[in-house]
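Below is one structure, written out as structure tokens; the observations come after it.
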Amino acid sequence: MEEENSLIEQRRANLAALREKGIEPFANKFTPDETCAGAREKYEEGREVALAGRMMAFRTMGKSVFLDIRDGSDRMQVYAQKNALGDEAFEVLKKLDLGDFIGVKGTMFTTRTEEITLKMAEFTVVGKALRPLPAKWHGLSNIETRYRQRYLDLIANDDVKQVFYKRSAIIREIRDFMHERGFIEVETPTMQAIPGGAAAQPFVTRHNALGCEFYLRIALELYLKRLLVGGMDRVFEIGRNYRNEGISPRHNPEFTMMELYVAYKDYDWMMGFVEEIVEAVAIELHGSTELQVGENTISFKRPWKRIPLLEAIEEKTGHDLSGKSRDEMAAIAAKLNIEVDDSMGCGKIIDELFGEFVEASLIQPTFITDYPVELSPLAKRHRSKEGLVERFEAICNGKELCNAFSELNDPDDQRARFEEQVVLGLGGDEEAMQLDEDY
């Protein structure tokens, strides 16, 4: 901390020195002609360009300086000579610190090491950085700091920025895919009187004008389905959800999710649609259906493997849960060192066994199908398997990609399911859904 304070004091001294020379260290405006990446792509010896970015390296060589600037696209090496800038401007340049934003005008050339470089003719101080860049020599590695102060992560770890760009491209491709197939994008309420559409604990907020409490939505589902009732046959939304639960690198209390609904289809059709959209996005952005993720080569080529939930659990544990009572399932879970409490029904026990013994082992894209009714209060009963519903989850690299089902459209069955959820809630299940009379 003492070292950091000393660095900040030095930067403030440089700030004061700039102002003493009549230079405003926070310029109102500087307009670059193009990006660093654009200047590289359109390289031409002697071409005049204006670039702007954050100074990330500074190397003094007597009466000349090499520095690197980085914008949102790439980095560019800049070369400055004292005899070209003049004594006063050159001294100002040497008062700059790593992290400062500058605008540079000059001409393009290639160094003897064949690096594309901008020869500086003039520069503007756009923004003075009063704090040093994070972890100057080793990059930012503390995982908590990286996640909680993402701007520092972006400064120190350039590959993280590429993840942001790739995410944006993925969302753009998904939107294009949906629109091309006749889906309408909509927005639904974020604050809801009754949270529903998922098994999760909600955040509670208060609406002062109405004098009552609302819940931040845990899913987009129930309002999107209302649009189907209204006659919109294909709808989707990409929006934020909020779940008042634990935090880990795989679970965040607020997250973005896409939900889509289409009339007159079932879960078999939806599995094919999921395969199609993921395969299409992979090819469009990666040029292939195969991607390297860590040590694993993952193939998104259709068709994906499909396996019923209970079969997947039996394959990994050796225990067949079909037709077992709640107590029998609890006994099996206890043998497998899974903690079970009185609030857990058959569905919860099955879900715990799947999460513990199956999910992490599913590396290639796999559809896990046919879930217990208790876990799926909004899904249609299976057409041939008693006690189950027509639901699937797509798992890849040990993580859930999506969840879907044939939609329940029997209002009497739906009410009965909601009432069962109310009983589970009274029994201590904090994730049980509430009864939504309007729905």
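From E339, E352, which residue is assigned to a helix (DSSP H, G or I), closer than 25 Å to E430 by Cα and open to solvent by 20 Å² or more (accessible area, probe 1.4 Å)? Outline the logic, then answer.
On the way: E339 fails: assigned to a helix (DSSP H, G or I).
Testing whether each residue is assigned to a helix (DSSP H, G or I), closer than 25 Å to E430 by Cα and open to solvent by 20 Å² or more (accessible area, probe 1.4 Å) leaves just E352.
Is there a residue in the stretch 340-363 that is among the small types (G, A, S), closer than 30 Å to S299 by Cα and touching a residue at least 24 places away in the same chain (Cβ under 8 Å)? Let's see the steps before the verdict.
Taking the stretch 340-363 and keeping what is among the small types (G, A, S), we get 343, 345, 347, 355, 360-361.
Now narrow it down to the ones that are closer than 30 Å to S299 by Cα: 355, 360-361.
From what's left, touching a residue at least 24 places away in the same chain (Cβ under 8 Å): 360-361.
Yes; the residues of the stretch 340-363 include at least one that is among the small types (G, A, S), closer than 30 Å to S299 by Cα and touching a residue at least 24 places away in the same chain (Cβ under 8 Å).
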Can you pull out every residue in the stretch 57-72 that is open to solvent by 50 Å² or more (accessible area, probe 1.4 Å) and in contact with a strand residue (DSSP E or B) (Cβ under 9 Å, 6 or more places away or on another chain)? F58, R59, T60, K63, R70
Would you confirm whether any residue within the stretch 170-191 is at pLDDT below 95, of a type in the set (G, A, S) and open to solvent by 40 Å² or more (accessible area, probe 1.4 Å)? no
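When only residues in the stretch 298-336 that are of a type in the set (D, E) and over 16 Å from V358 (Cα atoms) count, which is surrounded by the fewest Cβ atoms within 10 Å (Cβ to Cβ)?
Of everything passing the filter in the stretch 298-336, D327 is surrounded by the fewest Cβ atoms within 10 Å (Cβ to Cβ).
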What's the number of the condition N14 fails, among (1) surrounded by 10 or more Cβ atoms within 10 Å (Cβ to Cβ); (2) under 20 Å from A121 (Cβ atoms); (3) not acidic (D, E)? (2)
Quick test of your reading of the structure: I368 fulfils all but one of (1) modelled with pLDDT under 95; (2) surrounded by 22 or more Cβ atoms within 10 Å (Cβ to Cβ). Name the failing condition by number. (1)
Looking at the stretch 389-418 only, could you name the residues that are without any contact (Cβ under 8 Å) to a residue 40 or more places away in the chain and either among the aliphatic types (A, V, I, L, M) or closer than 29 Å to K301 by Cα (or both)? V389, E393, I395, G398, N403, L408, A416
Apart from one, (1) surrounded by 14 or more Cβ atoms within 10 Å (Cβ to Cβ); (2) within 18 Å of R391 (Cα to Cα); (3) out of contact with any Asp or Glu (no Cβ under 8 Å at 6 or more places or on another chain) all hold for N244; the odd one out is (2)
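For the stretch 79-93, enumerate the residues that are outside any strand (DSSP E or B), open to solvent by 10 Å² or more (accessible area, probe 1.4 Å) and of a type outside the set (D, E). Walk me through it before giving the result.
Filtering the stretch 79-93 for residues outside any strand (DSSP E or B) gives 82-93.
Add one more test, that the residue is open to solvent by 10 Å² or more (accessible area, probe 1.4 Å), and what stays is 82-89, 91.
Passing the criteria: K82, N83, A84, L85, G86, A89.
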Kindly evaluate G427 against the criterion of being surrounded by fewer than 16 Cβ atoms within 10 Å (Cβ to Cβ) and closer than 17 Å to G347 by Cα. yes
Scan the stretch 94-116 and give yes if some residue there is open to solvent by 20 Å² or more (accessible area, probe 1.4 Å), small (G, A, S), farther than 21 Å from L154 by Cβ and over 38 Å from the mean Cα position of the chain (by Cα), otherwise no. no
Considering only residues that are within 18 Å of V373 (Cβ to Cβ) and of a type in the set (D, E), which ones fall in the stretch 301-325? E311
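Would you confirm, using the coordinates I've provided, whether R250 is over 22 Å from the mean Cα position of the chain (by Cα), in contact (Cβ under 8 Å) with a residue 12 or more places away in the chain and open to solvent by 60 Å² or more (accessible area, probe 1.4 Å)? Spell out how you get there, then give the answer.
Numbers: over 22 Å from the mean Cα position of the chain (by Cα): no; in contact (Cβ under 8 Å) with a residue 12 or more places away in the chain: yes; open to solvent by 60 Å² or more (accessible area, probe 1.4 Å): yes.
When the stated conditions are applied, R250 does not pass them.
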Where the second residue is among the charged types (D, E, K, R) and in a loop (DSSP other than H, G, I, E, B) and the first is closer than 20 Å to L96 by Cβ and lies in the stretch 19-40, which pairs have Cβ atoms under 7 Å and are six or more apart or on separate chains? P25/K128; F26/K128; C36/D71; C36/D74
Residues of the stretch 122-149 that turn out to be open to solvent by less than 80 Å² (accessible area, probe 1.4 Å), modelled with pLDDT of 80 or more and either on the phi > 0 side of the Ramachandran plot or not in a loop (DSSP other than H, G, I, E, B) (or both), as a count: 5
Quick one: is M76 assigned to a strand (DSSP E or B), under 35 Å from the mean Cα position of the chain (by Cα), at pLDDT below 95 and closer than 17 Å to V104 by Cβ? no
Search result, residues across the stretch 277-297 that are in a strand (DSSP E or B), open to solvent by less than 60 Å² (accessible area, probe 1.4 Å) and in contact with a Ser or Thr (Cβ under 9 Å, 6 or more places away or on another chain): L291
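Suppose we keep only residues that are of a type in the set (G, A, S) and assigned to a loop (DSSP other than H, G, I, E, B) within the stretch 371-400. Which one would you say is modelled with the lowest pLDDT? Give the derivation first.
The initial filter retains those residues of the stretch 371-400 that are of a type in the set (G, A, S), namely 376, 379, 384, 387, 394, 398.
Right, trim to assigned to a loop (DSSP other than H, G, I, E, B) and you get 376, 384, 387, 398.
Details: S376: 85, S384: 94, G387: 89, G398: 95.
The qualifying residue modelled with the lowest pLDDT is S376.
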Regarding E221, is this residue closer than 18 Å to V235 by Cα and not β-branched (V, I, T)? yes
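The values are calculated or read from the model by the stated rules, or taken from the named source; none is laboratory data. None of the values given here were measured: they were computed from a predicted structure. Positions of Cβ are backbone-derived with ideal geometry, glycine not excepted, and every protein chain shown enters the neighbour counts. We work out accessible area using only protein heavy atoms, side chains counted, and drop any ligands, DNA or RNA first. Shrake-Rupley method; radii C 1.70, N 1.55, O 1.52, S 1.80 Å.
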